[in-house]
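Read through the structure below, which is laid out as structure tokens, and then see the notes.
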Amino acid sequence: AQSVTQLGSHVSVSEGALVLLRCNYSSSVPPYLFWYVQYPNQGLQLLLKYTSAATLVKGINGFEAEFKKSETSFHLTKPSAHMSDAAEYFCAVAGANSKLTFGKGITLSVRP
Amino acid sequence: NAGVTQTPKFQVLKTGQSMTLQCAQDMNHEYMSWYRQDPGMGLRLIHYSVGAGITDQGEVPNGYNVSRSTTEDFPLRLLSAAPSQTSVYFCASSYQTIRSGNTIYFGEGSWLTVV
């Protein structure tokens with residue numbers, strides 16, 4: 001079985017500040033992990049994914065995430081927030097048969 | 001190449017009505033699934049299919065039916081709509097299991113309101 005924990009429902013940062021969105025997972029098999037972004041009233045866009053290769057994964061829009069097996073974590077970071085980063089972010093872990101288990105999501109707000 | 005197409009994008013139903021959300025993909029993907037998204041709940045799996053003629057239940061299957069008569073289509077049927085089924089529905093597909101490194105593609109969502 002798989003599960004994802006995203007602590008907190010809302011993160012607010014200033015423009016130019018570091019973005020850190022936390023994700024912890026549990027998985028009965030070696031995890032495949034994903035971060036998705038959703039802009040208001042839109043679908044899901046894949047930011048990045050970890051599929052057991054490099055532990056530091058670079059994604060689109062300057063985001064990256066580091067897989068830490070010992071901490072069962074896959075936190076998402078971006079060195080400098082931009083106003084356009086305001087959105088909802090979902091961490092997900094893949095189980096068998098392409099079934100994704102999602103976290104509850106975190107809303108990122110960016111203050112000017 | 002249209003990817004994953006969902007229709008309708010918006011729908012308002014009355015309690016007790018039935019309807020079908022359509023999902024079609026043109027990528028010859030074997031794996032297809034339906035998720036619902038609710039505030040503070042993330043996305044939860046309703047039903048999934050690993051190929052034509054094969055379907056199985058996900059985390060929240062009650063009140064929904066699916067069938068997979070062709071590789072391309074995976075419709076989601078609401079048998080008797082309830083206000084609790086007000087949600088945003090996403091269809092997804094992938095060539096095979098994404099544990100093989102394949103990408104999962106999502107449709108743009110269907111916003112359903114049951115009054």
- Across the range B:26-43, which residue is nearest to B:Ser110 (Cα to Cα) among those that are surrounded by fewer than 23 Cβ atoms within 10 Å (Cβ to Cβ) and among the polar types (S, T, N, Q)? B:Gln37
- Task: Consider B:Gly63 carefully, then state whether it is within 14 Å of chain A (Cβ to nearest Cβ) and under 30 Å from A:Ala1 (Cβ atoms).
- Result: no
- Mind checking which strands (runs of 3 or more DSSP E) fall wholly inside the range A:7-112 and carry at least 2 residues that are more than 11 Å from chain B (Cβ to nearest Cβ), of a type outside the set (A, V, I, L, M, F, W, C) and under 12 Å from the mean Cα position of the chain (by Cα)? A:24-27, A:64-68, A:73-78
- Item | Odd one out for B:Thr103 among (1) under 24 Å from A:Tyr32 (Cβ atoms); (2) crowded, with 17+ Cβ neighbours inside 10 Å | (2)
- Test each condition in (1) at pLDDT 95 or above; (2) within 14 Å of another protein chain (Cβ to nearest Cβ) for B:Gly51 and report the one that comes out false. (1)
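Scan the range A:86-97 and tell me whether some residue there is out of contact with any strand residue (DSSP E or B) (no Cβ under 7 Å at 6 or more places or on another chain) and modelled with pLDDT of 95 or more.
No, the conditions are met nowhere in the range A:86-97.
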- Item | Where a residue in the range B:54-70 is in contact (Cβ under 8 Å) with a residue 24 or more places away in the chain and farther than 15 Å from B:Thr20 by Cβ and its partner, wherever it lies, is among the β-branched types (Val, Ile, Thr) and crowded, with 18+ Cβ neighbours inside 10 Å, with Cβ under 7 Å and at least six apart | B:Gly58/B:Ile46; B:Val60/B:Ile46
- Picking from B:Ser80, B:Ser84, which residue would you name as being among the hydroxyl-bearing types (Ser, Thr, Tyr), over 19 Å from B:Gln6 (Cα atoms) and not in a loop (DSSP other than H, G, I, E, B)? B:Ser84
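State whether one or more residues within the range A:47-58 are under 24 Å from B:Ser93 (Cβ atoms) and exposed (fewer than 14 other Cβ atoms within 10 Å of the Cβ). If you could, list the steps in order and put the result at the bottom.
From the range A:47-58, those under 24 Å from B:Ser93 (Cβ atoms) are A:47-53, A:57; that's our starting set.
Checking the rest, the ones that are also exposed (fewer than 14 other Cβ atoms within 10 Å of the Cβ) come to A:52-53.
Looking for residues that are under 24 Å from B:Ser93 (Cβ atoms) and exposed (fewer than 14 other Cβ atoms within 10 Å of the Cβ), one finds at least one in the range A:47-58, hence yes.
The values are calculated or read from the model by the stated rules, or taken from the named source; none is laboratory data. What you see is a predicted model; the values in this text were computed from it and never measured. Every residue, glycine among them, receives a Cβ derived from its backbone with ideal geometry; neighbour counts consider all protein chains shown.
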